Amino acid sequence: MTGEELPLGSTAGPGSAGEPSRPRSEPPAPMEFGPYRMLSQVGLGGMGVVWRAHDTRLDRAVALKMIRASADDPDTRERFLREARLAARLRHPGIVTVHDFGEVQGLPFLAMEWIDGPSWHARLEPLSFPLSLEGLREHVSALAEVAEAVDFAHREGVVHRDLKPANVLFGSDGRPRVSDFGLARGSGAAGGMASDLRTTAGRTLGTPGFMSPEQARGELDRVGP
């Protein structure tokens, strides 16, 4: 995901998956995608799309992320597969859970836990500052939970590399979950590809206001926990 896209790993409801002011195309009528029934489009970016869907096998709501047909190339597929492998190995209450990964009619998909609350971005946008003591405690508490989740990912050898309010989602229980591992880097067979932060045009991927100085400078070997 780049800073110019909606957060494709987001699994929140419509209007809360990222930049709320960005226009989205109207979703087509519900349709079948393998065992999933597509209900509504909740995120759209240059390379992928996220749908709210119903898993007909297990009778549960999921967030279904797919590569857009116009962006389906070997590099995008490799990055998509890396995201699936990295996110799937992280089992933590503060990280969005990956349920399934595969292909339907040659189109890769990633099925994730459906988070029915807003992103942290959506929670912060209407606030006025300075925050009240109660509001400050609420956000500091959420930050502590996110830090625990990120620390767990680091101990598992995964560096997110696109942490920002739009990629933290709140469930109906009020707990935050870290989402969107599209730019993540991991140790071992699941991650750590050379030049994986750059497009073919040589542009560094990420969100400038939130990336580390090392990432912004393109010093890939220094990007770590």
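The label point for R155 and the one for E103, both projected 7 Å from the Cα toward the Cβ, are 3.7 nm apart. The packing ranking of peptides 163-172, 86-95, 146-155, highest mean first, is 163-172, 86-95, 146-155, where packing means the average number of other beta carbon atoms within 10 angstrom of each residue.
Phi angles across the stretch 52-65 convert, under the Karplus curve 6.51 cos²θ - 1.76 cosθ + 1.60 with θ = phi - 60°, into 3J(HN,Hα) values of 7, 9, 10, 7, 6, 6, 9, 6, 8, 7, 9, 9, 10, 9 Hz, Gly and Pro given as x.
How large, in percent, is the carbon and sulfur part of the accessible surface of the stretch 76-177 at a probe radius of 1.4 Å?
Values: 2670 of 4950 Å².
Carbon and sulfur: 54 percent of the exposed surface of the stretch 76-177.
For the set S179, S132, the ranking by accessible area, highest first and with no ligand, DNA or RNA atoms included, is S132, S179 under a 1.4 Å probe. Positive contributions from Lys and Arg (+1) and negative ones from Asp and Glu (-1), summed over other residues with Cβ under 13 Å from the Cβ of D55, come out at 0. In this simple spin-label model, placing a label point 7 Å from the Cα along the Cα-to-Cβ direction at both R37 and S212 gives a separation of 4.5 nm.
The values are calculated or read from the model by the stated rules, or taken from the named source; none is laboratory data. Just so you know, these numbers come straight off a predicted model, no measurement behind them. A quick note on method: Cβ atoms are made from the backbone with ideal geometry, for glycine too, and the neighbour counts reach across all protein chains shown. Please note that ligands, DNA and RNA were not included when accessible areas were found on the heavy atoms of the full protein model with its side chains. Shrake-Rupley method; radii C 1.70, N 1.55, O 1.52, S 1.80 Å.
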